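Student: Quick one: the structure is below, and I'll ask about it shortly.
The values are calculated or read from the model by the stated rules, or taken from the named source; none is laboratory data. Everything quoted here is computed from the prediction, not taken from an experiment. As a convention, Cβ positions derive from the backbone with ideal geometry for all residues, glycine included, and neighbour counts pool all protein chains shown. Each accessible area value is taken on the protein alone, full model and side chains, heavy atoms only, with ligands, DNA and RNA left out. Shrake-Rupley method; radii C 1.70, N 1.55, O 1.52, S 1.80 Å.
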Amino acid sequence: MAQDVIYARVPPSLKKATDAYAAHHGVTLTAAVADLLERGLAAASDSRSTDELDARLRAAEAQLATLTAFAARADHRVGDCPKCSEEITGRDLLAVGSCPHCSSPLSELIVPSNPNNTLDQREALMLVGALGAVLAVAYLASKK
């Protein structure tokens, strides 16, 4: 295999570290320099993909924070079941759609025909707002 030569002056600390690397790995100084240079070039060319992965990680962390906030909001009480009068949460209302106690459907709370609706409008609006944030994050994530 043909080999080329690179002549380079390096600081004494770098030479010492390269000698130590060669000794630790049981290779010649030439092999150590070639290995380290190859690794360094690979790392330099991968830095763009590392930056990309870092950006994706930050986006995923933001998505997780949004989902965690929504999950916490979904656990709040939003009203009472129109059939059994037991407490229901946002999760019961929007995700499950039925009372966890009597299994009665909760659609009456969303579009009430009864003027004595027990839905806490403020909590329901907060929950819908949190759901909107989750949907916005999901939409933005799909565009990347």
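Student: Kindly indicate the residue of region 79-88 that is closer than 16 Å to LEU127 by Cβ and modelled with pLDDT of 90 or more and also least open to solvent (accessible area, probe 1.4 Å) among those meeting that condition.
Tutor: Among those residues, the one meeting the criterion is ILE88.
Student: What is the residue count in region 1-24 for residues that are exposed (fewer than 11 other Cβ atoms within 10 Å of the Cβ) and not hydrophobic (A, V, I, L, M, F, W, C)?
Tutor: Of the residues in that region, 8 qualify.
Student: Out of (1) at pLDDT 75 or above; (2) open to solvent by less than 40 Å² (accessible area, probe 1.4 Å); (3) touching a helix residue (DSSP H, G or I) at 6+ places or on another chain (Cβ under 6 Å), the odd one out for HIS76 is which?
Tutor: (2) is the only condition that HIS76 fails.
Student: Using beta carbons and a limit of 6 Å, which pairs, at least six apart or on different chains, have the first residue in region 62-81 and small (Gly, Ala, Ser) and the second one surrounded by 15 or more Cβ atoms within 10 Å (Cβ to Cβ) and in a loop (DSSP other than H, G, I, E, B)?
Tutor: That search, which allows pairs on different chains as well, returns GLY79/THR118; GLY79/LEU119; GLY79/ASP120.
Student: Ok, one more. Taking LEU57, is it in contact with a strand residue (DSSP E or B) (Cβ under 9 Å, 6 or more places away or on another chain) and either among the hydroxyl-bearing types (Ser, Thr, Tyr) or within 30 Å of ALA138 (Cα to Cα) (or both)?
Tutor: In short, no.
Student: So LYS83 clears everything in (1) in contact with a Ser or Thr (Cβ under 6 Å, 6 or more places away or on another chain); (2) in a helix (DSSP H, G or I) except one condition, right? Which one?
Tutor: LYS83 satisfies all of (1) in contact with a Ser or Thr (Cβ under 6 Å, 6 or more places away or on another chain); (2) in a helix (DSSP H, G or I) except (2).
Student: Scanning for something surrounded by 16 or more Cβ atoms within 10 Å (Cβ to Cβ), touching a Leu at 6+ places or on another chain (Cβ under 7 Å) and either assigned to a helix (DSSP H, G or I) or not acidic (Asp, Glu) (or both), does region 60-69 turn up at least one residue?
Tutor: No - not one qualifying residue is present in region 60-69.
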